[in-house]
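*Asks:* Following this message is one structure expressed as C-alpha coordinates.
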Amino acid sequence: MTRTQRRRAASAGRYAVLTVWALIVVFPLYWIVSTSFKPSDQWFSWPPVYLPSPATLDNYSDVWIGATSVAEGGQTALSLQTPFLALRNSLILAFGATAAAVLYGSVIAYGVSRYRLLSETRMFQLLMLRMVPPIVIVAPLSLYFSYLGLLDSMIGLGVMYFLTSLPYAVWMTKSFIDEVPREVEQAAEILGASRWRTVFEVVLPLIRSGLVATFMFILILNWSEYLLSLILSKTNVVTLPVELSKFEGSTEGRLFGRQAALSVGITLPLIIIGLLIRKHLARGFSFGMVRR
(Lines give C-alpha, C1' and ligand atoms only; values in the text may rest on other atoms or scores of the structure.)
Protein backbone atom coordinates (compact mmCIF):
# COMPACT_ATOMS: atom_id res chain seq x y z
CA MET A 1 0.00 0.00 0.00
CA THR A 2 1.43 3.34 -1.05
CA ARG A 3 1.65 6.38 1.20
CA THR A 4 -1.26 8.05 -0.59
CA GLN A 5 -3.43 4.99 -0.11
CA ARG A 6 -2.55 4.83 3.59
CA ARG A 7 -3.51 8.48 4.00
CA ARG A 8 -6.83 7.89 2.26
CA ALA A 9 -7.52 4.81 4.39
CA ALA A 10 -6.67 6.71 7.58
CA SER A 11 -8.87 9.62 6.50
CA ALA A 12 -11.75 7.27 5.67
CA GLY A 13 -11.36 5.59 9.07
CA ARG A 14 -11.46 8.93 10.87
CA TYR A 15 -14.58 10.01 9.00
CA ALA A 16 -16.24 6.66 9.75
CA VAL A 17 -15.52 6.99 13.48
CA LEU A 18 -16.71 10.61 13.52
CA THR A 19 -19.88 9.66 11.63
CA VAL A 20 -20.71 6.91 14.13
CA TRP A 21 -20.00 9.27 17.02
CA ALA A 22 -22.19 11.99 15.45
CA LEU A 23 -25.06 9.50 15.13
CA ILE A 24 -24.66 8.49 18.78
CA VAL A 25 -24.78 12.14 19.86
CA VAL A 26 -27.60 13.26 17.55
CA PHE A 27 -29.94 10.28 17.98
CA PRO A 28 -31.11 11.17 21.54
CA LEU A 29 -31.94 14.68 20.33
CA TYR A 30 -33.84 13.27 17.37
CA TRP A 31 -35.70 10.83 19.63
CA ILE A 32 -36.83 13.63 21.96
CA VAL A 33 -38.10 15.74 19.05
CA SER A 34 -39.78 12.71 17.48
CA THR A 35 -41.46 11.70 20.75
CA SER A 36 -42.80 15.21 21.24
CA PHE A 37 -44.90 14.77 18.05
CA LYS A 38 -46.14 11.22 18.84
CA PRO A 39 -49.64 10.44 20.08
CA SER A 40 -49.83 8.71 23.44
CA ASP A 41 -50.29 5.21 21.99
CA GLN A 42 -46.84 5.42 20.33
CA TRP A 43 -44.84 6.43 23.40
CA PHE A 44 -44.37 2.79 24.54
CA SER A 45 -45.02 0.92 21.30
CA TRP A 46 -42.84 -2.00 20.25
CA PRO A 47 -41.19 -2.08 17.81
CA PRO A 48 -40.43 1.60 18.40
CA VAL A 49 -41.93 4.18 16.08
CA TYR A 50 -39.13 6.31 14.65
CA LEU A 51 -41.38 8.63 12.64
CA PRO A 52 -44.63 9.65 14.36
CA SER A 53 -47.68 8.69 12.34
CA PRO A 54 -49.78 10.69 12.49
CA ALA A 55 -47.75 13.59 13.87
CA THR A 56 -49.60 15.65 16.44
CA LEU A 57 -49.14 18.91 18.32
CA ASP A 58 -51.24 17.77 21.26
CA ASN A 59 -48.21 17.35 23.51
CA TYR A 60 -47.12 20.94 22.91
CA SER A 61 -50.64 22.31 23.39
CA ASP A 62 -51.10 20.28 26.58
CA VAL A 63 -47.79 21.47 28.02
CA TRP A 64 -47.60 25.10 26.94
CA ILE A 65 -51.19 26.21 26.31
CA GLY A 66 -53.64 24.37 28.54
CA ALA A 67 -52.40 21.09 29.92
CA THR A 68 -55.03 18.46 30.57
CA SER A 69 -54.59 15.02 31.99
CA VAL A 70 -56.83 11.97 31.82
CA ALA A 71 -57.78 10.93 35.31
CA GLU A 72 -59.28 7.67 36.52
CA GLY A 73 -62.68 7.01 34.96
CA GLY A 74 -61.87 8.85 31.73
CA GLN A 75 -62.43 12.31 33.14
CA THR A 76 -60.14 15.14 32.13
CA ALA A 77 -58.72 17.64 34.57
CA LEU A 78 -56.59 20.71 34.21
CA SER A 79 -52.95 20.12 35.01
CA LEU A 80 -51.35 22.03 37.86
CA GLN A 81 -48.07 22.44 35.97
CA THR A 82 -46.93 26.00 35.26
CA PRO A 83 -44.35 25.86 32.45
CA PHE A 84 -44.42 29.57 31.64
CA LEU A 85 -43.84 30.48 35.28
CA ALA A 86 -40.97 27.99 35.39
CA LEU A 87 -39.62 29.49 32.15
CA ARG A 88 -39.69 32.98 33.64
CA ASN A 89 -37.93 31.80 36.79
CA SER A 90 -35.26 29.96 34.81
CA LEU A 91 -34.63 32.98 32.58
CA ILE A 92 -34.24 35.34 35.55
CA LEU A 93 -32.12 32.98 37.63
CA ALA A 94 -29.90 31.60 34.87
CA PHE A 95 -29.20 34.88 33.08
CA GLY A 96 -28.94 36.96 36.26
CA ALA A 97 -26.62 34.58 38.09
CA THR A 98 -24.51 33.99 34.97
CA ALA A 99 -24.08 37.70 34.26
CA ALA A 100 -23.13 38.38 37.89
CA ALA A 101 -20.70 35.45 37.96
CA VAL A 102 -18.97 36.52 34.74
CA LEU A 103 -18.74 40.16 35.89
CA TYR A 104 -17.34 39.43 39.35
CA GLY A 105 -15.30 36.51 38.07
CA SER A 106 -13.59 38.64 35.45
CA VAL A 107 -12.62 41.25 38.07
CA ILE A 108 -11.25 38.57 40.40
CA ALA A 109 -9.48 36.90 37.48
CA TYR A 110 -7.82 40.20 36.59
CA GLY A 111 -6.51 40.51 40.14
CA VAL A 112 -5.22 36.93 40.04
CA SER A 113 -3.60 37.38 36.63
CA ARG A 114 -1.93 40.72 37.27
CA TYR A 115 -1.42 40.92 41.04
CA ARG A 116 -1.38 37.25 42.14
CA LEU A 117 -4.42 37.86 44.31
CA LEU A 118 -4.74 34.10 44.74
CA SER A 119 -1.92 31.57 44.61
CA GLU A 120 -2.14 28.47 42.44
CA THR A 121 -3.09 26.45 45.51
CA ARG A 122 -5.94 28.83 46.32
CA MET A 123 -7.09 28.72 42.72
CA PHE A 124 -7.32 24.94 42.82
CA GLN A 125 -9.14 25.13 46.13
CA LEU A 126 -11.58 27.57 44.54
CA LEU A 127 -12.22 25.13 41.72
CA MET A 128 -12.64 22.26 44.17
CA LEU A 129 -15.62 24.10 45.66
CA ARG A 130 -17.44 23.48 42.37
CA MET A 131 -16.33 19.85 42.29
CA VAL A 132 -18.05 19.02 45.57
CA PRO A 133 -21.16 16.92 44.76
CA PRO A 134 -24.26 19.04 45.41
CA ILE A 135 -25.94 16.17 47.26
CA VAL A 136 -23.26 16.50 49.98
CA ILE A 137 -24.05 20.13 50.82
CA VAL A 138 -27.69 20.46 49.85
CA ALA A 139 -29.12 19.17 53.16
CA PRO A 140 -27.24 21.61 55.45
CA LEU A 141 -27.84 24.37 52.91
CA SER A 142 -31.58 23.82 53.05
CA LEU A 143 -31.52 24.12 56.85
CA TYR A 144 -29.34 27.23 56.69
CA PHE A 145 -31.51 28.85 54.01
CA SER A 146 -34.64 28.02 56.01
CA TYR A 147 -33.15 29.76 59.06
CA LEU A 148 -32.29 32.85 56.98
CA GLY A 149 -35.68 32.91 55.28
CA LEU A 150 -34.16 32.32 51.84
CA LEU A 151 -35.67 28.89 51.23
CA ASP A 152 -38.01 28.81 48.22
CA SER A 153 -37.04 32.31 47.12
CA MET A 154 -35.53 33.77 43.97
CA ILE A 155 -32.80 35.51 45.97
CA GLY A 156 -31.70 32.35 47.75
CA LEU A 157 -31.60 30.23 44.62
CA GLY A 158 -29.93 33.03 42.66
CA VAL A 159 -27.20 33.33 45.30
CA MET A 160 -26.50 29.59 45.07
CA TYR A 161 -26.38 29.74 41.26
CA PHE A 162 -23.93 32.63 41.51
CA LEU A 163 -21.67 30.96 44.08
CA THR A 164 -21.51 27.65 42.21
CA SER A 165 -20.74 29.45 38.92
CA LEU A 166 -18.08 31.82 40.23
CA PRO A 167 -15.15 29.30 40.27
CA TYR A 168 -15.69 28.49 36.59
CA ALA A 169 -15.92 32.18 35.72
CA VAL A 170 -12.65 32.97 37.50
CA TRP A 171 -10.76 30.09 35.94
CA MET A 172 -11.96 30.65 32.38
CA THR A 173 -11.60 34.43 32.28
CA LYS A 174 -8.14 34.28 33.89
CA SER A 175 -6.86 32.19 30.98
CA PHE A 176 -8.13 34.85 28.56
CA ILE A 177 -6.70 37.79 30.53
CA ASP A 178 -3.29 36.08 30.65
CA GLU A 179 -3.16 36.39 26.85
CA VAL A 180 -3.59 40.19 26.88
CA PRO A 181 -0.19 41.94 26.69
CA ARG A 182 0.61 44.12 29.66
CA GLU A 183 1.93 46.77 27.30
CA VAL A 184 -1.65 47.54 26.25
CA GLU A 185 -2.58 48.40 29.84
CA GLN A 186 0.58 50.42 30.33
CA ALA A 187 -0.21 52.46 27.22
CA ALA A 188 -3.70 53.18 28.56
CA GLU A 189 -2.28 54.28 31.91
CA ILE A 190 0.22 56.58 30.17
CA LEU A 191 -2.74 58.22 28.41
CA GLY A 192 -4.31 58.90 31.81
CA ALA A 193 -6.72 55.99 32.23
CA SER A 194 -7.37 54.80 35.77
CA ARG A 195 -6.98 51.18 36.75
CA TRP A 196 -10.72 50.48 36.70
CA ARG A 197 -11.14 52.26 33.38
CA THR A 198 -8.28 50.21 31.95
CA VAL A 199 -9.98 47.01 33.06
CA PHE A 200 -13.46 47.81 31.77
CA GLU A 201 -12.58 49.79 28.64
CA VAL A 202 -9.38 48.09 27.50
CA VAL A 203 -8.89 44.60 28.90
CA LEU A 204 -12.44 43.27 28.95
CA PRO A 205 -13.30 44.48 25.42
CA LEU A 206 -10.19 42.69 24.14
CA ILE A 207 -11.40 39.40 25.60
CA ARG A 208 -15.10 39.86 24.81
CA SER A 209 -15.19 36.68 22.73
CA GLY A 210 -13.76 34.78 25.69
CA LEU A 211 -16.32 36.38 27.97
CA VAL A 212 -19.10 35.31 25.61
CA ALA A 213 -17.79 31.73 25.60
CA THR A 214 -17.58 31.79 29.41
CA PHE A 215 -21.08 33.24 29.65
CA MET A 216 -22.51 30.54 27.40
CA PHE A 217 -20.75 27.73 29.25
CA ILE A 218 -21.97 28.90 32.67
CA LEU A 219 -25.45 29.65 31.30
CA ILE A 220 -25.82 26.03 30.21
CA LEU A 221 -24.82 24.86 33.70
CA ASN A 222 -27.27 27.19 35.44
CA TRP A 223 -30.06 26.56 32.95
CA SER A 224 -29.90 22.80 33.51
CA GLU A 225 -29.31 22.83 37.29
CA TYR A 226 -31.71 20.37 38.89
CA LEU A 227 -30.72 19.20 42.38
CA LEU A 228 -30.21 22.62 43.97
CA SER A 229 -33.45 23.85 42.41
CA LEU A 230 -35.32 20.80 43.64
CA ILE A 231 -34.15 21.00 47.26
CA LEU A 232 -33.97 24.79 47.74
CA SER A 233 -37.35 25.50 46.13
CA LYS A 234 -40.80 24.28 47.08
CA THR A 235 -43.81 25.89 45.40
CA ASN A 236 -43.06 29.59 44.94
CA VAL A 237 -39.94 29.12 42.80
CA VAL A 238 -39.97 26.36 40.20
CA THR A 239 -37.45 26.10 37.37
CA LEU A 240 -37.77 24.24 34.09
CA PRO A 241 -35.69 21.17 35.07
CA VAL A 242 -37.87 20.72 38.17
CA GLU A 243 -41.00 21.31 36.10
CA LEU A 244 -39.85 18.62 33.68
CA SER A 245 -39.77 16.00 36.44
CA LYS A 246 -43.40 16.64 37.38
CA PHE A 247 -44.96 15.10 34.28
CA GLU A 248 -45.70 11.77 35.84
CA GLY A 249 -49.20 10.74 36.80
CA SER A 250 -50.40 8.19 39.33
CA THR A 251 -52.58 6.41 36.76
CA GLU A 252 -51.01 7.29 33.39
CA GLY A 253 -47.38 6.71 34.35
CA ARG A 254 -44.62 8.89 32.97
CA LEU A 255 -45.87 11.22 30.25
CA PHE A 256 -43.01 10.89 27.81
CA GLY A 257 -44.65 12.91 25.05
CA ARG A 258 -45.26 15.92 27.27
CA GLN A 259 -41.82 15.64 28.83
CA ALA A 260 -40.34 15.59 25.31
CA ALA A 261 -42.37 18.66 24.32
CA LEU A 262 -41.16 20.53 27.40
CA SER A 263 -37.58 19.33 26.77
CA VAL A 264 -37.68 20.84 23.29
CA GLY A 265 -38.85 24.12 24.81
CA ILE A 266 -36.03 23.99 27.36
CA THR A 267 -33.34 23.26 24.78
CA LEU A 268 -34.49 25.63 22.04
CA PRO A 269 -33.49 28.92 23.75
CA LEU A 270 -29.91 27.70 24.25
CA ILE A 271 -29.69 26.61 20.61
CA ILE A 272 -30.97 29.99 19.40
CA ILE A 273 -28.54 31.88 21.65
CA GLY A 274 -25.67 29.66 20.49
CA LEU A 275 -26.50 30.33 16.84
CA LEU A 276 -26.72 34.07 17.41
CA ILE A 277 -23.31 34.28 19.11
CA ARG A 278 -21.57 31.44 17.26
CA LYS A 279 -18.93 33.81 15.87
CA HIS A 280 -17.93 34.91 19.36
CA LEU A 281 -18.03 31.33 20.62
CA ALA A 282 -15.62 30.16 17.92
CA ARG A 283 -13.24 33.02 18.73
CA GLY A 284 -13.61 32.55 22.45
CA PHE A 285 -12.87 28.83 22.53
CA SER A 286 -9.81 29.35 20.33
CA PHE A 287 -8.63 32.49 22.12
CA GLY A 288 -4.90 32.38 22.77
CA MET A 289 -4.27 29.31 20.62
CA VAL A 290 -2.81 31.35 17.78
CA ARG A 291 0.09 33.56 18.76
CA ARG A 292 0.46 36.77 16.85
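*Asks:* Whole number in Å², please: accessible area per residue of region 1-65, 1.4 Å probe, ligands, DNA and RNA not counted.
*Replies:* Each residue of region 1-65 exposes 78 Å² on average to a 1.4 Å probe.
*Asks:* Just how large is the dipole of the chain about the Cα centre, in debye to the nearest 20, putting +1 at every Lys and Arg Cβ and -1 at every Asp and Glu Cβ?
*Replies:* It works out to roughly 1540 debye.
*Asks:* Further question on the same structure: Could you identify which residue out of 127, 211, 18 has the top mean-square fluctuation in a GNM of the chain using Cα springs shorter than 10 Å?
*Replies:* It is 18.
*Asks:* Follow-up question, since we're still on this one. In whole Å, what is the distance between the alpha-carbon centres of region 94-130 and region 171-204?
*Replies:* Between the Cα centre of region 94-130 and that of region 171-204, the gap is 16 Å.
*Asks:* Pick from 269, 205, 48: which is most flexible by mean-square fluctuation in a GNM of the chain where alpha carbon atoms under 10 Å apart are linked?
*Replies:* 48
*Asks:* Pick out, in residue order, every one of the chymotrypsin sites (Phe, Trp or Tyr not before Pro) in region 166-237 that is DSSP loop and has at most 15 other C-beta atoms within 10 Å; say none if there are none.
*Replies:* When the chymotrypsin sites (Phe, Trp or Tyr not before Pro) of region 166-237 are filtered for loop state and at most 15 Cβ neighbours within 10 Å, 226 remain.
*Asks:* Which whole-number percent is the relative contact order of the chain (Cα, under 8 Å, 6+ apart)?
*Replies:* Once divided by the residue count of the chain, the mean separation gives 27 percent.
*Asks:* Let me ask something additional. Of 177, 199, 147, which is farthest along the charge dipole of region 123-199 in the positive direction, counting Lys and Arg as +1 and Asp and Glu as -1 at C-beta?
*Replies:* Of the options given, the answer is 147.
*Asks:* Note the full-extension length gain between residue 220 and residue 128 as 0.36 nm times their separation in residues minus their Cα-Cα distance, in nm to one decimal.
*Replies:* That pair, residue 220 and residue 128, stretches by 31.2 nm at full extension.
*Asks:* How large is the helix-only mean residue ellipticity at 222 nm for the chain, computed as the sum of -39500 (n - 2.57) over DSSP H runs with n ≥ 4, divided by its residue count, in deg cm²/dmol to the nearest 500?
*Replies:* -21000 deg cm²/dmol
*Asks:* Now, a different point. With the other protein chains left in place, how much accessible area per residue, in square angstrom, belongs to region 145-267 at a 1.4 angstrom probe?
*Replies:* 45
*Asks:* GNM on the chain, C-alpha springs below 10 Å: top fluctuator among 257, 274, 105?
*Replies:* 274
*Asks:* Test of understanding: express the Cα radius of gyration of the chain as a ratio to 2.2 N^0.38 Å, with N the residue count.
*Replies:* With N residues counted in the chain, Rg over 2.2 N^0.38 Å equals 1.27.
*Asks:* Multiplying the sequence separation of residue 22 and residue 116 by 0.36 nm and subtracting their Cα-Cα distance, what value in nm do you get?
*Replies:* Stretched fully, the residue 22-residue 116 segment lengthens by 29.6 nm.
*Asks:* Something else about it: For the chain, what % of the accessible area comes from carbon and sulfur atoms, probe 1.4 Å?
*Replies:* 67
*Asks:* Starting from 0.36 nm per residue, how many nanometres of slack lie between residue 58 and residue 275 once their C-alpha separation is accounted for?
*Replies:* Contour length minus Cα-Cα distance gives 75.3 nm.
The values are calculated or read from the model by the stated rules, or taken from the named source; none is laboratory data. Worth saying up front: this structure is predicted, and the values here are computed from it rather than measured. Methodologically, a virtual Cβ is constructed for each residue, glycine included, from the backbone with ideal geometry; neighbour enumeration extends over all protein chains shown. In case anyone asks, the SASA skips ligands and DNA or RNA and just uses the protein heavy atoms, side chains included. Shrake-Rupley method; radii C 1.70, N 1.55, O 1.52, S 1.80 Å.
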